[in-house]
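The structure appears below as structure tokens.
The values are calculated or read from the model by the stated rules, or taken from the named source; none is laboratory data. Since this is a predicted model, take the numbers as computed values, not measurements. Here the Cβ positions follow ideal geometry from the backbone for every residue, glycine too, while neighbour counts run over all protein chains shown. To get the accessible areas, we keep the full protein, side chains included, count just its heavy atoms, and leave off ligands, DNA and RNA. Shrake-Rupley method; radii C 1.70, N 1.55, O 1.52, S 1.80 Å.
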Amino acid sequence: DAGVIQSPRHEVTEMGQEVTLRCKPISGHDYLFWYRQTMMRGLELLIYFNNNVPIDDSGMPEDRFSAKMPNASFSTLKIQPSEPRDSAVYFCASSFSIETQYFGPGTRLLVL
Amino acid sequence: AQTVTQSQPEMSVQEAETVTLSCTYDTSENNYYLFWYKQPPSRQMILVIRQEAYKQQNATENRFSVNFQKAAKSFSLKISDSQLGDTAMYFCAFMKRRNNDMRFGAGTRLTVKP
């Protein structure tokens, strides 16, 4: 079975540009999560969806970040405008019900 | 708020030996999950083992086992017969059963030496 798929795997952009990260959860999973990992703050939950509906976005750092899940098989995390402090590894994860979360390979973002 | 503490930033072990990674957590919840995830240099987060708090029996998964002490809020990971491929960051995580809010510890970097 395919795991969680994320694209791109690496992204380098300049400050001020819009960045869009994409995620395809495991088929049949009804929860989707976006995490950010940095050296300073470790792994942080940004937002999660249940059945395509955002449930908790309290971890989203500021209005520059937005996330959508238009259908059960696709989600995006957008940063506009991007800043150097947004450089991190962004993970998408999915789960069936309130159960074990399975992570994608991550997107390494570098904002210059 | 739930907190997860991994007190060992780095550890090393000789190949084929046994090593134990420590994790403590703080919560007022009674029903929850605990996890150990492995993050090798590829940065992929890989589930190692899971424990449900209502189960008294410690979880095992091949060479990996846990020592779950609910009253002490302790959840250590034992790796037996360590292999070079076990070299990675190991994260302990806590999740309430009533929602999906998962909290991670800061991680322990494990190096397996030949």
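Do we find that A:S27 is open to solvent by 50 Å² or more (accessible area, probe 1.4 Å), without any contact (Cβ under 8 Å) to a residue 24 or more places away in the chain and not in a strand (DSSP E or B) in this structure?
No: the conditions fail for A:S27.
Being out of contact with any strand residue (DSSP E or B) (no Cβ under 7 Å at 6 or more places or on another chain) and either surrounded by 15 or more Cβ atoms within 10 Å (Cβ to Cβ) or within 20 Å of A:Y48 (Cβ to Cβ) (or both) narrows it down to one of B:K55, B:K70, so name that one.
Only one candidate qualifies: B:K70.
Is there a residue in the stretch B:40-49 that is crowded, with 16+ Cβ neighbours inside 10 Å, on the phi < 0 side of the Ramachandran plot, not in a strand (DSSP E or B) and not hydrophobic (A, V, I, L, M, F, W, C)?
Looking through the stretch B:40-49, at least one residue is crowded, with 16+ Cβ neighbours inside 10 Å, on the phi < 0 side of the Ramachandran plot, not in a strand (DSSP E or B) and not hydrophobic (A, V, I, L, M, F, W, C).
How many residues are part of a strand (DSSP E or B), surrounded by 15 or more Cβ atoms within 10 Å (Cβ to Cβ), of a type outside the set (D, E, K, R) and more than 14 Å from every other protein chain (Cβ to nearest Cβ) when one looks only at the stretch B:75-114?
Residues meeting the conditions: 6.
Would you point out the residue of the stretch A:89-112, among those that are open to solvent by 20 Å² or more (accessible area, probe 1.4 Å) and not charged (D, E, K, R), that is modelled with the lowest pLDDT?
Looking at residues that are open to solvent by 20 Å² or more (accessible area, probe 1.4 Å) and not charged (D, E, K, R), I get A:I98.
Quick one: in the stretch A:65-88, of everything that is in contact (Cβ under 8 Å) with a residue 24 or more places away in the chain and farther than 19 Å from A:E18 by Cβ, which residue is farthest from the other protein chains (Cβ to nearest Cβ)?
Filtering the stretch A:65-88 for residues that are in contact (Cβ under 8 Å) with a residue 24 or more places away in the chain and farther than 19 Å from A:E18 by Cβ, the one farthest from the other protein chains (Cβ to nearest Cβ) comes out as A:S73.
Take the residues in the stretch B:5-32 that are closer than 23 Å to B:Q57 by Cβ and modelled with pLDDT under 95; name whichever of them is most open to solvent (accessible area, probe 1.4 Å).
Per the criteria, the residue is B:N30.
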